[in-house]
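Peer 1: To start, I am sharing the structure in question, which I have written as structure tokens.
The values are calculated or read from the model by the stated rules, or taken from the named source; none is laboratory data. In this text, all values refer to a predicted model and were calculated from it rather than measured experimentally. Every residue, glycine as well, gets a Cβ built from its backbone with ideal geometry; the counts of neighbours run over all protein chains shown.
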Amino acid sequence: MPRPPRRPEEKTKRSPATLWKALRRIIGLSRPYRTRLFLSMALTALASLVWLAVPMGLRELLDAVFEVGNRTLLDRLALGLAALFLVQTALGFVGSYLLSWTGVRVVSDLRQRVYEHLHRLGLRFYADQRTGDLTSRLTNDVSSVREAVTNALVELLTQTLTLIGSLVLMFVLNWRLSLLIFVVVPGATLAARYFGQKIRQLARTVQDRLADTTAIAEEGLSAIRVVKAFARSPYEVERYNSAVEDLFGISIKRVLVSTTFWSSVSVLFMGALIAVFWYGGTEVLAGRLTAGDLVAFIFYAFNIARGVGGLSRLYTTFNSAAGASERLFELLDAAPEIQDTPDAKPLPPIKGAVRFDHVRFGYADDHPVLHGIDFNVEPGQMVALVGESGAGKTTMLNLIPRFFDPDAGRILVDGQDLRDVQVASLREQLAVVPQETHLFGASIRENIRYGRLEATDEEVEAAAQAANAHEFIIALPEGYDAEVGERGVKLSAGQRQRVAIARALLRDARILLLDEATSALDATSEALVQDALDRLMVGRTTFVIAHRLATVRHADRILVIDGGRIIQEGTHDELFAQEGRYREFATLQFTDAEAPAV
């Protein structure tokens, strides 16, 4: 049964200071482009200042016509206003472009940084995450942040400068009229504080619900064969539709709160604007204000009303971005569980000796999986891990590439503790063939070359021949350039496994990890895969997990694992000759002709 979506509303409430904290971290990403950013802000500021001079030009224009009657002055003022508009437009265009470029670049860097960080996080992190949720953060959340640091950032700077400049010039023109505008400021401030926190919380909830819908879609589509096999398409569609309806409901609630906020603020300032128009008209009639002064004053008042309305909408935009950025920064703040120590050194080319030195490990502190595992493997030996499901075999294999670190004890390769070497240098000398082969949605050639990216076409084909894959590949219409589909869906299980073996052969690693590499295959495919594995294992230290003992009866050593402990150790003949768990397994699987003499 699919896991139910998280309930975002159960998250801890965030304080208003979160908005500034989130935006400060976002803007901090622009530090590498600060020269371009400062230049864009300077040009945008100049454009706003030029725009503030327009009402003063209109005042002089009107007074020249209605009071002075000077035609020459009128012509010059009109030309001057046209020049102001052209300069303001040019400055605004360049400043807006540079600022938008910086914003888009910052968001692109953020997306790359998050994706790179995801690759540094360990498997324990991914055990608690859904792929759809992580994908949603990379796409939907970043898109919300992009809106805040591109168009919204340009508008914020423009509106703020216009608003402040208009207020100053209004006081210069007539301080009595200016007081009418300030009457509504306390109400607007309280509204911003009240609605802002609600908008931010709703924005975070929207992003969480959007992630849930993405995760449900990803789960349903990635398991489409299972869905169709059990005739569960109606169930999956209903499940997705239910998530979409939840998203719709919370999105509409956010829209309602946002619209109510900026509409309320706009009504307050428009009311003040009407009062300014009425009172200013009485001042003109009384001779205490010229017509040009009143027009300029109303122009500035409109600037303020428009600026406050715009800033109200921007406030909702930035709150939405803050909610989305919290989810992104949660990922960036997650510390990688497995990372190099400051003095870690590259692991030199290895021979393949491996030692488990009293290793203990558990995925949770109170649930140990391995208890004091202790054994040595010589270079080139084949070691088989045998036991029931859940005994700890795969966990032991996962410790060798440092997907996890032991809670106690050490794992050494050629005498070096794995925690003292650089992780990448260790994994470059390992090859893994898992039970469930993962192929990328690319060509067969590209999937094999993934083992060694610089390999030539000839080396790729040689690896495929050694893996018994060449024959079926060249039989395909496009040969090595044939696309395998998502997760290799266009190939059979045996074909996918042989491609994976070719990938491991191309890597030419000294240590090989095989986790049930021949399970769930038909007899013909298993024979081909096993023949390829026999070639792959020559001269390499090999760890093999297998439930079919026939595939490991020739192993140099067999470790029988039970409850996270090694309970038997030896060759197939030695273990079959003694009473114990291995003999029980072998008796069930081998025929009399296959079993060794006791």
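Peer 1: State whether the residues of the stretch 366-376 include one that is surrounded by fewer than 18 Cβ atoms within 10 Å (Cβ to Cβ) and in contact with a Gly (Cβ under 6 Å, 6 or more places away or on another chain). Give the derivation first.
Peer 2: So in the stretch 366-376, the residues surrounded by fewer than 18 Cβ atoms within 10 Å (Cβ to Cβ) come out as 366-368, 371-372, 374-376.
Next cut, in contact with a Gly (Cβ under 6 Å, 6 or more places away or on another chain) only: 368, 371.
Checked against the condition, which is being surrounded by fewer than 18 Cβ atoms within 10 Å (Cβ to Cβ) and in contact with a Gly (Cβ under 6 Å, 6 or more places away or on another chain), the stretch 366-376 yields at least one hit.
Peer 1: Does residue 232 count as among the basic types (Lys, Arg) and either surrounded by 18 or more Cβ atoms within 10 Å (Cβ to Cβ) or modelled with pLDDT of 80 or more (or both)? I'd like the intermediate steps shown before the answer.
Peer 2: On the way: among the basic types (Lys, Arg): yes; either surrounded by 18 or more Cβ atoms within 10 Å (Cβ to Cβ) or modelled with pLDDT of 80 or more (or both): no.
No; evaluated as a whole, the condition is false for this residue.
Peer 1: If you take the residues in the stretch 422-454 that are in a loop (DSSP other than H, G, I, E, B) and of a type in the set (A, V, I, L, M), which one is modelled with the highest pLDDT?
Peer 2: Of the stretch 422-454, the ones in a loop (DSSP other than H, G, I, E, B) are 422, 428-429, 434-442, 450-454.
Then keep just the ones that are of a type in the set (A, V, I, L, M); that gives 439, 442, 453.
Working: 439: 83, 442: 84, 453: 88.
If we take residues in the stretch 422-454 being in a loop (DSSP other than H, G, I, E, B) and of a type in the set (A, V, I, L, M), then 453 is modelled with the highest pLDDT.
Peer 1: So, of the residues in the stretch 483-497 that are farther than 13 Å from residue 438 by Cβ and at pLDDT 85 or above, which turns out to be farthest from the chain's Cα centre (by Cα)? Talk me through it step by step, then tell me what you get.
Peer 2: Start the filter on the stretch 483-497 by keeping residues that are farther than 13 Å from residue 438 by Cβ, which leaves 483, 490, 492, 494-495.
From what's left, at pLDDT 85 or above: 483, 495.
Working: 483: 26, 495: 32 Å.
Step by step, filter the stretch 483-497, then rank; the result is 495.
Peer 1: Do you know which of the residues in the stretch 117-174 that are aliphatic (A, V, I, L, M) and over 30 Å from residue 42 (Cβ atoms) is surrounded by the most Cβ atoms within 10 Å (Cβ to Cβ)? First the steps, then the outcome.
Peer 2: At the first step, the residues of the stretch 117-174 found to be aliphatic (A, V, I, L, M) are 118, 121, 123, 127, 134, 138, 142, 145, 148-149, 152-154, 156-157, 161, 163-164, 167-170, 172-173.
Of the ones still in play, those that are also over 30 Å from residue 42 (Cβ atoms) are 118, 121, 123, 127, 134, 138.
Working: 118: 17, 121: 18, 123: 13, 127: 8, 134: 21, 138: 17.
Step by step, filter the stretch 117-174, then rank; the result is 134.
Peer 1: State which residue is surrounded by the most Cβ atoms within 10 Å (Cβ to Cβ) when the search covers only the stretch 266-313 and only residues that are farther than 24 Å from residue 63 by Cβ and among the charged types (D, E, K, R).
Peer 2: Selected residue: 313.
Peer 1: Condition (residue is over 26 Å from residue 539 (Cβ atoms), surrounded by 18 or more Cβ atoms within 10 Å (Cβ to Cβ) and not hydroxyl-bearing (Ser, Thr, Tyr)) applied to the stretch 410-431: is it met by at least one residue?
Peer 2: Looking for residues that are over 26 Å from residue 539 (Cβ atoms), surrounded by 18 or more Cβ atoms within 10 Å (Cβ to Cβ) and not hydroxyl-bearing (Ser, Thr, Tyr), one finds none in the stretch 410-431, hence no.
Peer 1: Going through the stretch 373-391 one residue at a time, which ones are modelled with pLDDT of 90 or more, of a type outside the set (Asp, Glu) and in contact with a His (Cβ under 9 Å, 6 or more places away or on another chain)?
Peer 2: Once the filter is applied, which keeps residues that are modelled with pLDDT of 90 or more, of a type outside the set (Asp, Glu) and in contact with a His (Cβ under 9 Å, 6 or more places away or on another chain), the stretch 373-391 yields 373, 382, 384, 386.
Peer 1: Suppose we keep only residues that are in a helix (DSSP H, G or I) and among the acidic types (Asp, Glu) within the stretch 300-349. Which one would you say is farthest from residue 133 (Cα to Cα)?
Peer 2: Per the stated criteria, the residue is 333.
Peer 1: Quick one: residue 457 ticks every box in (1) at pLDDT 90 or above; (2) of a type outside the set (S, T, N, Q); (3) surrounded by 15 or more Cβ atoms within 10 Å (Cβ to Cβ); (4) touching a helix residue (DSSP H, G or I) at 6+ places or on another chain (Cβ under 9 Å) bar one, so which box is it?
Peer 2: (3)
Peer 1: On the basis of being within 30 Å of residue 405 (Cα to Cα), small (Gly, Ala, Ser) and under 30 Å from the mean Cα position of the chain (by Cα), does residue 321 make the cut?
Peer 2: It is false that residue 321 is within 30 Å of residue 405 (Cα to Cα), small (Gly, Ala, Ser) and under 30 Å from the mean Cα position of the chain (by Cα).
Peer 1: Any idea which residue in the stretch 271-311 is farthest from residue 164 (Cα to Cα), counting only those that are among the β-branched types (Val, Ile, Thr) and in contact with a helix residue (DSSP H, G or I) (Cβ under 8 Å, 6 or more places away or on another chain)?
Peer 2: Within the stretch 271-311, the subset among the β-branched types (Val, Ile, Thr) is 274, 276, 282, 284, 290, 295, 298, 304, 308.
Those left that are additionally in contact with a helix residue (DSSP H, G or I) (Cβ under 8 Å, 6 or more places away or on another chain): 276, 284, 290, 295, 298, 304, 308.
Numbers: 276: 18, 284: 25, 290: 24, 295: 19, 298: 15, 304: 8, 308: 11 Å.
Here the residue is 284.
Peer 1: Between a first residue in the stretch 416-438 that is free of Cβ contacts under 8 Å to residues at least 12 places away in the same chain and a second residue that is basic (Lys, Arg) and in a strand (DSSP E or B), which pairs have beta carbons less than 8 Å apart while being 6 or more apart in sequence or on different chains?
Peer 2: Listed by first residue and then by second, the contacts come to 417/410.
Peer 1: Restricting attention to the stretch 542-591, which residues are more than 17 Å from residue 394 (Cα to Cα) and in contact with a Lys or Arg (Cβ under 9 Å, 6 or more places away or on another chain)?
Peer 2: 568, 569, 570, 571, 572, 573, 575, 576, 577, 586, 589, 590
Peer 1: List every residue pair whose Cβ atoms lie under 8 Å apart, where the two residues are 6 or more positions apart in sequence or sit on different chains, the first residue falls within the stretch 119-146 and is closer than 20 Å to residue 405 by Cα, and the second residue, located anywhere, is aliphatic (A, V, I, L, M).
Peer 2: Final answer for the pair search is 121/334; 122/338; 125/334.
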